[in-house]
Amino acid sequence: MSLKYSTRNNPLTTVEDDCIAQTHDVETLTEKDLLNEIVVPGGVTNTQLQAVVTSMKEVILKKLRQGYGIRTALVHYYPTISGVFTDDEDSFDPNRHSVNIKTTPNKEVKEAAASIRTQKVTAPKRIPFIQKFIDTASNTRDNLITPGLVAEIKGELLKLDPTDLSQGVFLIDSNKTLHRCEKYIRNTPTNLIFYIPGDIPTGQVELRVRMKIENDSKLREGIHSVLLTVAQQQQ
């Protein structure tokens with residue numbers, strides 16, 4: 001297995017053509033995954049191993065709360081204080097200061113990082129991804145769309161600026177007329193809740209999300225893979 005990466009412009013330097021790496025498709029293993037790899041037939045059971053791991057975790061957290069630094073086989077934990085003190089007479093104020101736990105990888109972890117194989121790949125296009133569309137009036141998914149009522153989109157890279165007329169949730173009807181959704185109840189990178197325009201004619205519509213990434217003027221568009229059918233409102 002190799003660490004996949006692409007390169008992009010470096011926003012932190014003025015050197016022309018300077019780039020930084022962006023990693024992709026990094027699979028994250030859970031504690032359960034690691035325990036399953038340790039357990040072998042006839043050896044320590046998963047339950048026994050889980051008990052030891054849980055006890056170790058509880059002891060580490062207990063000692064961290066008491067202000068200790070801790071050096072484990074792989075990571076060194078130690079407490080630090082952030083925030084500005086006005087002078088030598090100033091003392092810790094939780095409204096202005098905070099205690100943090102910093103971690104430093106030990107030698108073995110650094111050696112493991114140096115052993116990782118890398119593979120340069122083409123960066124995936126950063127465009128809105130529409131995972132599913134929910135019509136709240138009919139309580140259906142990727143099927144109906146009810147004019148004038150509330151709908152929801154779940155996905156990735158969805159957050160948009162509703163004051164920019166080039167951005168928003170757009171619907172293209174069978175006459176190729178573009179309808180822009182104007183009112184949003186929720187507007188986050190993974191969730192949009194909004195009102196459907198009331199003047200969409202019957203038939204099928206295509207759903208699109210258009211947005212811009214911060215500090216980038218390029219308009220990015222995601223197109224839903226499913227056509228939606230305009231539902232009749234109940235009288």
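The values are calculated or read from the model by the stated rules, or taken from the named source; none is laboratory data. All values reported here derive from a predicted model rather than from experimental measurement. Please note: Cβ atoms are built from the backbone with ideal geometry, for glycine as well, and neighbour counts cover all protein chains shown.
General remarks:
- The residues of segment 90-122 that are within 24 Å of Met1 (Cβ to Cβ), in contact with a Phe, Trp or Tyr (Cβ under 9 Å, 6 or more places away or on another chain) and not β-branched (Val, Ile, Thr), listed by number, are Gln119, Lys120.
- Residue that is hydroxyl-bearing (Ser, Thr, Tyr) and closer than 14 Å to Asp161 by Cα, where the choices are Thr188, Thr202: Thr188
- Within the set Ala73, Ala51, the sole residue that is under 22 Å from Ala112 (Cβ atoms) and either of a type in the set (Gly, Ala, Ser) or over 32 Å from the mean Cα position of the chain (by Cα) (or both) turns out to be Ala73.
- If you filter segment 132-158 down to residues that are polar (S, T, N, Q) and over 13 Å from Leu228 (Cα atoms), you find that the one that is nearest to the chain's Cα centre (by Cα) is Thr136.
- Of all the residues in segment 1-31, those that are within 30 Å of Ile70 (Cβ to Cβ), exposed (fewer than 10 other Cβ atoms within 10 Å of the Cβ) and not aliphatic (A, V, I, L, M) number 3.
- Looking only at segment 10-35, and only at residues there that are aliphatic (A, V, I, L, M) and either more than 19 Å from Arg126 (Cα to Cα) or modelled with pLDDT under 80 (or both), the one that is farthest from the chain's Cα centre (by Cα): Val15
- Which numbered condition Ile116 fails, given (1) under 22 Å from the mean Cα position of the chain (by Cα); (2) among the hydrophobic types (A, V, I, L, M, F, W, C); (3) not assigned by TED's automatic domain parsing to the domain that holds Glu206: (1)
- Subset of segment 117-133 that is modelled with pLDDT under 95 and β-branched (Val, Ile, Thr) - its residue that is surrounded by the fewest Cβ atoms within 10 Å (Cβ to Cβ): Thr122
- Note on segment 159-191: among residues that are within 28 Å of the chain's Cα centre (by Cα) and under 17 Å from Val226 (Cα atoms), the one that is surrounded by the fewest Cβ atoms within 10 Å (Cβ to Cβ) is Phe170.
- Set side by side, the residues Thr47, Thr14, Thr7 differ, and just one is over 29 Å from Pro79 (Cα atoms) and assigned to a loop (DSSP other than H, G, I, E, B), which is Thr14.
- Where strands (runs of 3 or more DSSP E) fall entirely within segment 68-166, those with at least 2 residues that are without any contact (Cβ under 8 Å) to a residue 60 or more places away in the chain and of a type outside the set (Gly, Ala, Ser) are at 75-82, 98-105, 129-135, 150-156.
- Selection count, segment 50-67, where residues are part of a loop (DSSP other than H, G, I, E, B) and surrounded by 10 or more Cβ atoms within 10 Å (Cβ to Cβ): 0
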